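Have a look at the structure below before the remarks.
The values are calculated or read from the model by the stated rules, or taken from the named source; none is laboratory data. Keep in mind the model is a prediction, meaning the values are calculated, not measured. Backbone-built Cβ (ideal geometry, glycine too); neighbour counts: all protein chains shown. With ligands, DNA and RNA removed, areas are computed over all heavy atoms of the protein, side chains included. Shrake-Rupley method; radii C 1.70, N 1.55, O 1.52, S 1.80 Å.
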Amino acid sequence: MKHNRILSVALGDERADLVLKNAQYLNVFTCEFLRGDIAVTGGRIAGIGSYRGKEEVDCTGKTVVPGLIDGHIHLESSLISPAQFARAAVAHGTTALVTDPHEIANVCGESGIQYMLRATRSLPLDVYFMVSSCVPCSPFDENGCTLGVETIRSFLTQERVLGLAEMMNYPGVVAGDREALEKIECALAQGGVVDGHAPTLSGKQLNAYVACGISSDHETTTLAEALEKLRLGQWIMIREGTAAKNLRALLPLLEENTFRRCLFCCDDIHPGELMAQGHIDRIVRSAIAQGVKPERAYCCASYHAALRFGLAGIGAIAPGYAADLTLLDDVSKAEVAAVYKRGRLVAQGGALTVPLEEETLANRKAVLGTVRLKDFSVQSLDTHGRPLPVIGLVPHQLVTTKEGTASAAGDGLLKLAVIERHKATGHIGICYLKGYGLRSGAVATTVAHDSHNIIVTGTNDGDMARAVLRLQETGGGMVLADHGEIVCELPLPLAGLMCDLDAETAQQRLTDLKQAAYALGVSDGVDPFMTLSFMSLPVIPHIKLTTLGAVDVDAFRLLP
C-alpha cells in the first residue's frame, strides 16, 4: 500500500503530502546544487521535479540540504539531558547523530547505556549508538563498571546500535591484546563498523591497527597524519568541538580528491557553544568561510556520515530517502530557516515546533547517587614534598607535554589530583599542572574523561579539599572554591555528568563558573572545565593523570 502511494505521487498522479516548491537543493551524488520541487509522502521523498502537494511551501530564495549528521559525539559531555541537547541541535539543522555513551558507561555500565537508549527514543532527531569499546579505557584507570565482550555483543543486536565505538586502546590492538581484538571481531561479525581513536599512530603500527578492521578516526590533528590514515582507507572525522578544534589544520582535506572520505563531528560540545554558535552547521559555516566549496561542506555534514555508518535511506535528497531536510536562508552562512524530520516540520526560526517528552524519575534512578568517597580530607592531598611529574597544557588541543618534575605548586605550577569516586577505594593520583593559569582557589569536577573520577586543580590544598567535598554533597558537578568558600557551582546529578536543567539555565550557570574561574586567573586560551576534564584521559599523548598516578601515554606505563 505504501509503495502504491509513493509510486502514485512520484508519477504525478496523486498530490504529495508536502511539496517544497521552487527549491534550490543539494544533490550529494553529483555534489552540485540543482533546482526543482521536492515532493514528500509518508515521510519519504517521492520525487523531484514539478509536483503538487496538499501542503506547499514556497522555497524561492532558500536552499534545501539534507538534514545534518554528527558522526561522533558523547551526548553526556554536553552537560545537559539528551532531550535538551535535541532541542538545541535540531534548531540548528541536525536530524541525526551517532553517539558513543562512553562517559555514562564508565560510571554506570550497562544501566547507563540503557538509560541513554531510553532517553533518546522519542526525540525529534535520530540518535544512533556505537557500543563503548574501552570501559575502562586503560589498565591505569579506575572506573565504575566494565564492559566485556559478551555485554558488547548483546548491545550490538539492539536497534539503533551500529557498531563498536572508538577503540582507544590502540597500543593494545597493535600489541595483539586478546580482549581488544575480540571486541573488534565481535562487532565486525555482526555487521557493525568500528571507529578508531589513534592519535599520532603511524607507519607499520597504523597499518596493523587499520588491518584489524578499524575504519575511521576522529583524533587526527595534522594534515600529514590525516593523509596517512586516509590513504590506508580510513574515514576522517574532522572534529570541531569545545575543547578540540581541528578544522583549520585539516581544511586541505576538503579538496576534490580527498573530501569524499571526510565527515564532520563535534565529539564534545558545551550547551552555550551549541546554542549560540550551532552544531554541525557551525562547522559548515566555518569551512565555507575558509574557502571550502559549500556543496562539499554540506556533503561532509550529511551524506558522508550516512555512508560511513551504512545508514541507508538518509543523508540525501533523492527519491526513496527519508525527508530529513534543512532549509537555509543563506547557504554560505548556514543560516537555518526550518527543519523537517520525516517530512514533519520540527523547527523553525531557531526554535522547536514540536513538544519534547519529559523524562520520568523512574528512568533516572539508575544514574543518580554516583559520588562515593573514602575518608577524604585535606590531608589526603599532602605529597610531603616528594617530586612529581608536571603536565604541560597545549592551547586548544587535548595532547599535553611532559615538563619534568616538581615538588610544590607555585611559579605557574598548580597541584592536580584525581580522586576515585565510584567504589570508594580511597585512591588519589597527584602531580602538577603547567599552563592552566589559576592564581587563587581551586577548580573541581566529576566530568573527568574517561573514568569520570573527581579531578581538581588548585593553588592550595584547603580550597581543593573544599571543592571535592562539595561535589560529594551535590552528587557530582562542577565547582569553584576560593578562600575556603564555594564561589560558584553547577550540580550534575545525572551520573555526575549531566544536569536536569534546561539548556539556557545550564549555560548561564556554566558561564558564571567560567567567568569566576577566569577572574581567579585561568588563562584565556584554556576552557576551565573542558580542558581540565581531559587531563585524566590516559589514551591521548603525552602525559595524563589517573587515580593510580601519572601516565606516560607514549610508553603506556605509570610513572614512578
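The table below gives the values:
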| read-out | value |
| --- | --- |
| Check on residue 509, open to solvent by 40 Å² or more (accessible area, probe 1.4 Å), under 21 Å from residue 243 (Cβ atoms) and assigned to a helix (DSSP H, G or I) | yes |
| Matching option when the condition is among the hydroxyl-bearing types (Ser, Thr, Tyr), in contact (Cβ under 8 Å) with a residue 24 or more places away in the chain and in a loop (DSSP other than H, G, I, E, B), among 436, 340, 432 | 436 |
| Pair list, Cβ < 8 Å and 6+ apart or interchain, from the range 254-274 residues that are within 20 Å of residue 291 (Cβ to Cβ) to residues that are part of a strand (DSSP E or B) and open to solvent by 10 Å² or more (accessible area, probe 1.4 Å) | 261/235; 262/235; 263/235; 264/240 |
| Criterion violated by residue 528 - all others in (1) surrounded by fewer than 24 Cβ atoms within 10 Å (Cβ to Cβ); (2) within 17 Å of residue 396 (Cβ to Cβ) satisfied | (1) |
| Some residue of the range 359-367 being surrounded by 13 or more Cβ atoms within 10 Å (Cβ to Cβ) and within 23 Å of residue 553 (Cβ to Cβ) | no |
| In the range 257-269, residue farthest from residue 79 (Cα to Cα) [restricted to those that are of a type outside the set (Lys, Arg) and either surrounded by fewer than 20 Cβ atoms within 10 Å (Cβ to Cβ) or out of contact with any Gly (no Cβ under 9 Å at 6 or more places or on another chain) (or both)] | 257 |
| Residue that is farthest from residue 400 (Cα to Cα), among those in the range 194-209 that are crowded, with 19+ Cβ neighbours inside 10 Å and within 23 Å of the chain's Cα centre (by Cα) | 194 |
| Subset of the range 367-400 (residues that are modelled with pLDDT under 90 and not β-branched (Val, Ile, Thr)) | 395, 396, 397, 398 |
| Answer residue from the range 483-500, given it is part of a loop (DSSP other than H, G, I, E, B) and open to solvent by less than 50 Å² (accessible area, probe 1.4 Å) and is nearest to residue 438 (Cα to Cα) among those | 484 |
| Positions within the range 1-36 being open to solvent by 80 Å² or more (accessible area, probe 1.4 Å) and either in a helix (DSSP H, G or I) or among the hydrophobic types (A, V, I, L, M, F, W, C) (or both), in sequence order | 1, 2, 3, 4, 7, 11, 29 |
| Failed item, numbered, when residue 191 is tested on (1) open to solvent by 40 Å² or more (accessible area, probe 1.4 Å); (2) small (Gly, Ala, Ser); (3) in a loop (DSSP other than H, G, I, E, B); (4) within 28 Å of residue 395 (Cα to Cα) | (4) |
| Any hit, the range 36-59, residues being closer than 30 Å to residue 268 by Cα, in contact with a Phe, Trp or Tyr (Cβ under 7 Å, 6 or more places away or on another chain) and touching a residue at least 60 places away in the same chain (Cβ under 8 Å) | no |
| Pairs where the first residue, in the range 194-209, is closer than 14 Å to residue 165 by Cβ and the second is in a helix (DSSP H, G or I) and open to solvent by less than 10 Å² (accessible area, probe 1.4 Å), C-beta under 6 Å, 6+ apart | 194/184; 194/187; 198/209 |
| Wholly within the range 72-188, helices (runs of 4 or more DSSP H) carrying at least 1 residues that are open to solvent by 10 Å² or more (accessible area, probe 1.4 Å) and basic (Lys, Arg) | 82-91, 110-119, 149-156 |
| Positions within the range 462-494 being in contact with a Lys or Arg (Cβ under 7 Å, 6 or more places away or on another chain) and either among the charged types (D, E, K, R) or without any contact (Cβ under 8 Å) to a residue 60 or more places away in the chain (or both), in sequence order | 479, 481, 484, 486, 489 |
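Table: residues versus (1) open to solvent by 10 Å² or more (accessible area, probe 1.4 Å); (2) farther than 28 Å from residue 126 by Cα; (3) among the polar types (S, T, N, Q).
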residue: 232; (1), (2), (3): yes, yes, no
residue: 239; (1), (2), (3): no, no, no
residue: 245; (1), (2), (3): yes, no, no
residue: 278; (1), (2), (3): no, no, no
